[in-house]
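To keep things clear, I will list the structure first and then write my remarks on it.
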Amino acid sequence: MSARIIDGKAVAAKVRARVATEVAAFTEQHGTPPGLATILIGDDPASAVYVGGKQKACAEVGIKGFDHRLDADAPRADVLALIDELNADPAVSGILCQLPVPGHLDGVEVTNRIDAGKDVDGLTIASAGRLALGMPGLRPCTPTGTMLLLEEAQASLSGAECVVIGRSNLFGKPMAQLLLQANATVTTCHSRTRDLGEVCRRADVLIAAVGVAHLVKGDWIKPGAVVIDVGMNRLTGPPPTLTGDVDFDAAVEVASAITPVPGGVGPMTIACLLENTLIAARAAAAVAA
Ligand code: NAP
């Protein structure tokens, strides 16, 4: 069997096109577009590329971008004051601070300064609590994008055995919560999990978010499983390549559907960030009305 390849680029393009249409309608109705403020502290080249990509994506769908750059040694008080200012600015629907922040700052404190209504990364304590309690709120982008890919793959989640490898606050934990809300039976694995391969072999849906290239072997996959590879591992080469946490060539022979790396989960993250910004703008407009 050769698995169907889940085309994240195509799904992300559909989400972006829909968001663009809905942003145009929002702007027409309210006379002002949704706005996304990004904060980059320091000059880490990879972070600068990520922030640049987010700003460009905003412009493409009609969201107004506010691009704030602070020096690597920006005082804590200045960073918090900027976030307070953005929290109070009605033109700003969503705020994200690119992580990691420089060592003299506390990423958790900085993130939590963002108003929960503008927390488009879904990473504040308030957003995580809302997700855990099953209350409406802004959800983290990569897990949300993964749910859309599972929908695209027509994965049946209710009652299914889902295994998530990784328990980070950014991905693994919120992913498990979203699957639970979709009535899956969820197992979360991590570096201390015993017999990882054995646990994975139970999975109807296997999601790997580890950061170890090709950790998941072909014989860890239940025949017919849906496999989502969140891992982004840069191999120096030659040639330099980006690869996932799953041994794709082996897995594709066993799974029924699988995401490639690149071109799977990666493109979904920014698409869901744009959608979250629109959701935040609508919620703010409803409160103001
Ligand atoms: P992270 O915070 O480093 O978490 C990694 C998780 O993997 C931890 O829970 C860790 O367990 C677990 N782990 C490490 N080695 C393991 C092993 N040998 N066996 C089983 N579990 C193991 O990473 P993250 O932020 O969640 O990201 C994970 C991967 O996804 C990275 O490659 C990252 O680049 C990628 N990612 C991609 C996107 C995207 O947009 N495509 C977004 C987010 C993340 P412990 O908790 O026990 O340490």
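Every number in this text was worked out from the coordinates using simple rules, so none of it is lab data. A quick note: this is a predicted structure, and the numbers were derived from the prediction, not measured. Don't worry about glycine lacking a Cβ; one is built from the backbone with ideal geometry, like all the others, and counts go over all protein chains shown.
General observations
- Counting only helices (runs of 4 or more DSSP H) wholly contained in the range 8-94, no element carries 3 or more residues that are more than 30 Å from G244 (Cα to Cα) and hydroxyl-bearing (S, T, Y).
- Among the residues of the range 91-111, those identified as out of contact with any strand residue (DSSP E or B) (no Cβ under 9 Å at 6 or more places or on another chain) and not hydrophobic (A, V, I, L, M, F, W, C) are P100, G103, H104, D106, E109.
- Any hit, the range 72-92, residues being touching a Ser or Thr at 6+ places or on another chain (Cβ under 9 Å) and under 18 Å from T269 (Cα atoms): no
- Of residues in the range 149-176 being surrounded by fewer than 20 Cβ atoms within 10 Å (Cβ to Cβ), within 16 Å of the ligand (Cβ to nearest atom) and not small (G, A, S), the one farthest from A257 (Cα to Cα): N169
- Condition check for V226: more than 10 Å from the ligand (Cβ to nearest atom), over 27 Å from S127 (Cα atoms) and of a type in the set (A, V, I, L, M, F, W, C): yes
- Restricting T243, T269 to residues that are under 18 Å from I6 (Cα atoms), of a type in the set (S, T, N, Q) and in contact (Cβ under 8 Å) with a residue 40 or more places away in the chain narrows the list to T269.
- From the list T193, T188, the one residue that fits, being over 18 Å from the mean Cα position of the chain (by Cα) and of a type in the set (S, T, Y), is T193.
- Close pairs from the range 98-117: first more than 15 Å from A74 (Cβ to Cβ), partner assigned to a loop (DSSP other than H, G, I, E, B) and of a type outside the set (V, I, T), Cβ under 6 Å, at least 6 apart: T111/L123
- Residue check, T142 closer than 23 Å to T277 by Cβ, in contact with a strand residue (DSSP E or B) (Cβ under 8 Å, 6 or more places away or on another chain) and assigned to a helix (DSSP H, G or I): no
- Scanning the range 129-138 turns up no residue that is hydrophobic (A, V, I, L, M, F, W, C) and within 12 Å of the ligand (Cβ to nearest atom).
- Scope the range 177-206; condition assigned to a loop (DSSP other than H, G, I, E, B) and more than 16 Å from the ligand (Cβ to nearest atom); matching residues: A182, N183, A184, D204
- Residues of the range 207-236 satisfying the condition of being touching a Phe, Trp or Tyr at 6+ places or on another chain (Cβ under 8 Å) and not in a loop (DSSP other than H, G, I, E, B): D229
- If you go through the range 99-133 and pick out every residue that is farther than 20 Å from T144 by Cβ, exposed (fewer than 15 other Cβ atoms within 10 Å of the Cβ) and β-branched (V, I, T), you end up with 1.
- Residue count for the range 237-273, restricted to those that are among the aliphatic types (A, V, I, L, M) and in a loop (DSSP other than H, G, I, E, B): 5
- Flag for R192 being closer than 27 Å to G129 by Cβ and charged (D, E, K, R): yes
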